[in-house]
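Student: Below: one structure in structure tokens.
The values are calculated or read from the model by the stated rules, or taken from the named source; none is laboratory data. As the structure is a computational prediction, the values presented were derived from the model and not from experiment. Positions of Cβ are generated from backbone atoms using ideal geometry, with glycine treated the same way; all protein chains shown enter the neighbour counts. With ligands, DNA and RNA removed, areas are computed over all heavy atoms of the protein, side chains included. Shrake-Rupley method; radii C 1.70, N 1.55, O 1.52, S 1.80 Å.
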Amino acid sequence: MPRLSYRRALTRALADEMTRDESVFLLGEDIRVAAANVTTGLLKKFGPERVLDTPLSEQAFTSFATGAALAGARPVIEFQIPSLLFLVFEQIVNHAHKFPLMTGGQCAVPVTYLVPGSGSRTGWAGQHSDHPYSLFAHVGVTTVVPATPADAYGLLVSAIRCDDPVVVFAPAGALDLRADVADLAPVPLGRGLVRRPGTDVTVVAVGHLVHDALAVADELAGQVSVEVFDPRTLYPFDWDGLLDSVSRTGRLVVVDDSNRSCGIAGEIIATVVERVPLAAPPRRVTRPDGAVLPFAPALDRAVQPGRDQLTAAIQLTCKDG
């Protein structure tokens, strides 16, 4: 089987969809020179009419993409930095997301917002290291966070084909992952996956933290049987899949690389507690409340959730009850 990196899986998805559908085009800052190494080779293959470098005005080109989608195109915007999503929240949420709803479905806005390198990248500091996916889940924008190269390909393909806006967060912690991939295919939006079966506790891990959860599950294999659930899509969330898992294990831990208050981890726990009786109190492993990642690498890592914290949370949850 060929080995494929997460980053190249994104490139492959873009190339395949641009080949399949001439209405797909790319826009963003410095994408012709592939500043994020995701659009490499696409300018040469598809030309300047379909790979557009934009001015440094995120609000302008995000609005442009909405108009292009309303006119029948399928734009894909690459954002170099996740914090830029704060600038364009108005354009994504109040415009692209709400137009189809407020017109009774008379229009479609098929825009894909791709954020390669979301979350922390060493030394990128506070204004470049956010993971604001819970904001988009909160307002009801389709939000995906792939963990593997195969899912990076499959979820991006499905996002581009979707008639609604979709935000695709490609975590910095996953971009350089490589895996043996036998077959590349679309991955349905809104469907999670049990990455590892277990009987004692369900660990929900978001994005690159899936790999940390799997490593911790391996380390604890002689003590605790850990089931690892990868939601893949944060909105719409695969509640049926997760509830099935938690109903079998009776315990829940969530690990999420975003801030604690109002984060997706809290929502997952609240929804599960409403529907499934647990044998022990659930726990979440996240960044602290209101975290702003420091520039210093040691402090940057100290603010993020890690394997030691996850291990402790699993052991405490299994000890309780």
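Student: In nanometres, what is the gap between the two model label sites at residue 107 and residue 225, each 7 Å from Cα along Cα-to-Cβ?
Tutor: Reported label-point gap for residue 107 and residue 225 is 5.4 nm.
Student: With viscosity set to 1.002 mPa s at 20 °C, what whole-number translational diffusion coefficient in µm²/s follows for the range 188-321 from Stokes-Einstein and a Kirkwood radius over Cα pairs?
Tutor: Approximately 145 µm²/s, per Stokes-Einstein.
Student: What per residue convex hull volume, in Å³, comes out for the range 6-97 when only alpha-carbon positions are used?
Tutor: For the range 6-97, the hull spanned by Cα atoms encloses 96 Å³ per residue.
Student: Taking amide H atoms as placed 1.01 Å from N in the peptide plane, list the residues 5 or more away in sequence, or in a different chain, whose amide H sits under 5 Å from that of residue 51.
Tutor: 26
Student: Please report the accessible area of residue 225 (heavy atoms, 1.4 Å probe, ligands and nucleic acids excluded) in Å², nearest 10.
Tutor: Result for residue 225: roughly 40 Å² accessible.
Student: For the chain, give the magnitude of the charge dipole about the Cα centre (Cβ charges: +1 Lys/Arg, -1 Asp/Glu; no others), in debye to the nearest 20.
Tutor: My answer is approximately 300 debye.
Student: Still on this model: Cross-link candidates for residue 45: which aspartates and glutamates have Cα within less than 16 Å, leaving aside residues fewer than 8 places away along the same chain?
Tutor: 16, 17, 21, 22, 53
Student: Once fully extended, how much extra length lies between residue 271 and residue 244, figured as 0.36 nm per residue of separation less the alpha-carbon to alpha-carbon distance?
Tutor: Stretched fully, the residue 271-residue 244 segment lengthens by 8.4 nm.
Student: Can you work out the FRET efficiency for the pair residue 199 and residue 90, with r the C-beta to C-beta distance and R0 = 45 Å, to the nearest 0.05?
Tutor: Once rounded, the FRET efficiency stands at 0.45.
Student: Name the residues whose placed amide hydrogens come within less than 5 Å of the amide hydrogen of residue 234, ignoring near sequence neighbours (fewer than 5 apart) on the same chain.
Tutor: For residue 234, the qualifying residues are 143, 144, 145.
Student: Given all pairs of different Cα atoms, what value in angstroms does the Kirkwood hydrodynamic radius of the chain take?
Tutor: Its Kirkwood hydrodynamic radius stands at 20.0 Å.
Student: Related question: Taking H placed 1.01 Å from N in the peptide plane, check which residues at least 5 places from residue 254 or on another chain put their amide H under 5 Å from its amide H.
Tutor: The answer is 204, 283, 284, 285.
Student: Report the extension gain between residue 56 and residue 22 in nm, rounded to one decimal, defined as 0.36 nm multiplied by the number of residues separating them, less their alpha carbon distance.
Tutor: Stretched out fully, the residue 56 to residue 22 stretch lengthens by 9.6 nm.
Student: As a test of reading the structure, rank 102, 18 by solvent-accessible area (1.4 Å probe, protein chains only), most first.
Tutor: Largest to smallest exposure gives the sequence 102, 18.
Student: Further question: If each of residue 308 and residue 163 carries a label point 7 Å out from its Cα toward its Cβ, how far apart are those two points in nm?
Tutor: Label-label distance for residue 308 and residue 163, simple model: 5.2 nm.
Student: Now a separate question. Mean residue ellipticity at 222 nm from the helices of the chain, using -39,500 (n - 2.57) per DSSP H segment of n ≥ 4 over the full residue count, to the nearest 500 deg cm²/dmol?
Tutor: Taken over the chain, the calculation gives -10500 deg cm²/dmol.
Student: Still on this model: Explain nothing, just the number: relative contact order of the chain, from Cα pairs under 8 Å at least 6 residues apart, as a whole percent.
Tutor: In percent, rounded to a whole number, it is 16.
Student: Once R0 is set to 25 Å, what does the formula 1/(1 + (r/R0)^6) return for the Cβ-Cβ distance between residue 98 and residue 191, expressed as a FRET efficiency to the nearest 0.05?
Tutor: The value I calculate is 0.50.
Student: Can you send over the solvent-accessible area of residue 235, 1.4 Å probe, protein chains only, in Å² to the nearest 10?
Tutor: Roughly 100 Å² of residue 235 is accessible to a 1.4 Å probe.
Student: Okay, next question. Residue 301 to residue 45: FRET efficiency via 1/(1 + (r/R0)^6), r the Cβ-Cβ distance, R0 45 Å, to the nearest 0.05?
Tutor: 0.75
Student: Could you give the size of the charge dipole of the range 89-200 about its Cα centre, using +1 on the Cβ of each K and R and -1 on the Cβ of each D and E, expressed in debye and rounded to the nearest 20?
Tutor: It works out to roughly 40 debye.
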